[in-house]
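Following: one structure in structure tokens, then a few remarks.
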Amino acid sequence: MSILLEEKQRAFADLRNIKANLAARGWFPATSGNLSVRVGGFEPDAFTFAITSSGRDKSVQTPEDFLLVNEKGQPTEATGLKPSAETLIHSEIYRLTGAGAIFHVHTIFNNLISELFWERKSIPVDGVELIKAFNIWDEEAHIEIPILPNYAEIPRIAELVEGSIIPRIPGIVLRKHGIYAWGANAFETKRHLEAFEFLFEYVYRSHLLQKSL
């Protein structure tokens, strides 16, 4: 068995497990969201990753859930499957960060918080313990999570990724759409995603509480 085939199978297994875990939380409503894991070596202008196929029900497991694509988002093997419509965003994040995995989910809180702070173009978080999930250990740390516009044309969004990435913040949010979180591998990316979702809910509820006082 080739090294690439072994890595492909490992990537598909990681995606299958993560997909089941996040689907159980209701983070893929109406076939939304997408997941990817890098496969093989990495060069900024030449790399391969496994990604969820378009339009699949992520609450069930099938043999047609994932496929391999190159850095341009094009399938690397003969297949009738279509990669996620947002594959180009994954490609840009991989190119710019060297990440090992990227997870994108749609939740109520990441949609609400992106609209609440849209004019600011970032979501402020102050002194919350789970900021440490991003390996930020400053006491009373302050972070700003970037928000990008949710254009209908994915290439327009992909063009904005480079200017929005903050090196110590492993995620970006699309307005009224969802979060893209990344990390060195699937385990770290899941940790980052869970931390983001906790922080979104915390900031939103804290905002409501302050308004009611």
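For the stretch 181-203, indicate whether the set of residues that are at pLDDT below 95 and open to solvent by 50 Å² or more (accessible area, probe 1.4 Å) is non-empty. Steps first, answer last, please.
Residues of the stretch 181-203 that are at pLDDT below 95, as a first pass: none.
No: the stretch 181-203 contains no residue that is at pLDDT below 95 and open to solvent by 50 Å² or more (accessible area, probe 1.4 Å).
How many residues are of a type in the set (D, E, K, R), assigned to a loop (DSSP other than H, G, I, E, B) and in contact (Cβ under 8 Å) with a residue 12 or more places away in the chain if we restrict to the stretch 121-138? Write out each step before concluding.
Initially, the stretch 121-138 is screened for residues of a type in the set (D, E, K, R), giving 121, 126, 129, 132, 138.
Going one step further and asking which of them are assigned to a loop (DSSP other than H, G, I, E, B), we end up with 121, 138.
Next cut, in contact (Cβ under 8 Å) with a residue 12 or more places away in the chain only: 121.
Qualifying residue count for the region: 1.
Criterion first (among the aliphatic types (A, V, I, L, M) and more than 18 Å from the chain's Cα centre (by Cα)) does Ile123 satisfy it? Let's see the steps before the verdict.
Working: among the aliphatic types (A, V, I, L, M): yes; more than 18 Å from the chain's Cα centre (by Cα): no.
So Ile123 does not fit the description; no.
Exactly one condition in (1) assigned to a helix (DSSP H, G or I); (2) free of Cβ contacts under 8 Å to residues at least 12 places away in the same chain; (3) farther than 29 Å from Phe66 by Cβ is false for Arg156; which is it?
(3) is the only condition that Arg156 fails.
Looking only at residues in the stretch 2-55 that are on the phi > 0 side of the Ramachandran plot and of a type outside the set (Ser, Thr, Tyr), which one is surrounded by the fewest Cβ atoms within 10 Å (Cβ to Cβ)? Give the steps one after another, and end with the answer.
First, pick out the residues of the stretch 2-55 that are on the phi > 0 side of the Ramachandran plot: 26, 30-31, 33, 40, 55.
Next, from what is left, pick out any that are of a type outside the set (Ser, Thr, Tyr): 26, 30, 33, 40, 55.
Details: Gly26: 12, Ala30: 8, Gly33: 22, Gly40: 15, Gly55: 10.
Only one residue tops the list, namely Ala30.
Within the stretch 78-96, can one find any residue that is within 16 Å of Ala186 (Cα to Cα), touching a residue at least 60 places away in the same chain (Cβ under 8 Å) and either open to solvent by 20 Å² or more (accessible area, probe 1.4 Å) or not in a helix (DSSP H, G or I) (or both)?
no
Tell me which residues, restricted to the stretch 3-21, are of a type in the set (A, V, I, L, M, F, W, C) and either closer than 17 Å to Thr62 by Cβ or in contact with a His (Cβ under 9 Å, 6 or more places away or on another chain) (or both).
Residues satisfying the conditions are Ala11, Phe12, Ala13, Leu15, Ile18, Ala20.
Taking the residues in the stretch 1-32 that are assigned to a loop (DSSP other than H, G, I, E, B) and more than 18 Å from Glu64 (Cα to Cα) as candidates, determine which candidate is modelled with the lowest pLDDT.
Per the stated criteria, the residue is Met1.
The values are calculated or read from the model by the stated rules, or taken from the named source; none is laboratory data. A quick note: this is a predicted structure, and the numbers were derived from the prediction, not measured. Counting neighbours? That spans all protein chains shown, and the Cβs are built from the backbone with ideal geometry, glycine included. Only protein heavy atoms, including side chains, enter the accessible area calculation; ligands, DNA and RNA are left aside. Shrake-Rupley method; radii C 1.70, N 1.55, O 1.52, S 1.80 Å.
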